[in-house]
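Following: one structure in structure tokens, then a few remarks.
The values are calculated or read from the model by the stated rules, or taken from the named source; none is laboratory data. For clarity, every value in this text was computed on a predicted model and none was experimentally measured. As a convention, Cβ positions derive from the backbone with ideal geometry for all residues, glycine included, and neighbour counts pool all protein chains shown.
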Amino acid sequence: MGKTKEISITINGEVHHSEVEARLLLADYIRHEADLTGTHVGCEHGVCGACTVLLDGQPVRACLMFAVQADGHRIMTVEGLAESPDKMHPLQNAFWEAHGLQCGFCTPGFLMSLIPFLDENPHPSEEEIREALSGNLCRCTGYQNIVDAVAMAAKAMHA
């Protein structure tokens, strides 16, 4: 076993204390130590965006960060978006209503990338939405329904 470090990370409001190897990726920590499997690992190079989570409110690629770098910080994963099991976040609801997903593998990364975007840009144009989506890859949808979902969510969130 390599060098280890004691860390404390707040994930979706719950504090997680662990001793981890210094080389453990944040994505692997979230999936295997915190048992939150909504954060997906796709390319493992930070290109596809499937592993995007919020670190202190800002989107980061969990496959490019070590868990020790998140020590003392707040992480939000897709599991933390919904108010309750019965009430989805407006962005999740819009993806569902506008058919903004097919296989769903990329969806958590899109959602987590778009939360701060919609907070900072409550009335985005289609061009701004497409620019915001450019850091996440989807191999199924063709993106138009995702664009429609983001526009729908913006209206619902900032009516």
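Of these, Arg74, Arg23, which one is among the basic types (Lys, Arg), in contact (Cβ under 8 Å) with a residue 24 or more places away in the chain and exposed (fewer than 14 other Cβ atoms within 10 Å of the Cβ)?
Only one candidate qualifies: Arg23.
Residue by residue through segment 122-142, note down the ones that are assigned to a loop (DSSP other than H, G, I, E, B), on the phi < 0 side of the Ramachandran plot and more than 17 Å from the chain's Cα centre (by Cα).
Passing the criteria: Pro122, His123, Pro124, Ser125, Arg139, Cys140, Thr141.
With respect to Gly38, determine if the residue is surrounded by 15 or more Cβ atoms within 10 Å (Cβ to Cβ), at pLDDT below 95, assigned by TED's automatic domain parsing to the domain that holds Glu19 and not hydroxyl-bearing (Ser, Thr, Tyr).
no
Condition check ((1) of a type in the set (Phe, Trp, Tyr); (2) modelled with pLDDT of 95 or more; (3) more than 19 Å from Thr10 (Cα to Cα); (4) crowded, with 18+ Cβ neighbours inside 10 Å) across all residues:
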position	(1), (2), (3), (4)
Thr52	no, yes, no, yes
Met65	no, yes, no, yes
Glu79	no, yes, no, no
Pro85	no, no, yes, no
Asn93	no, yes, yes, no
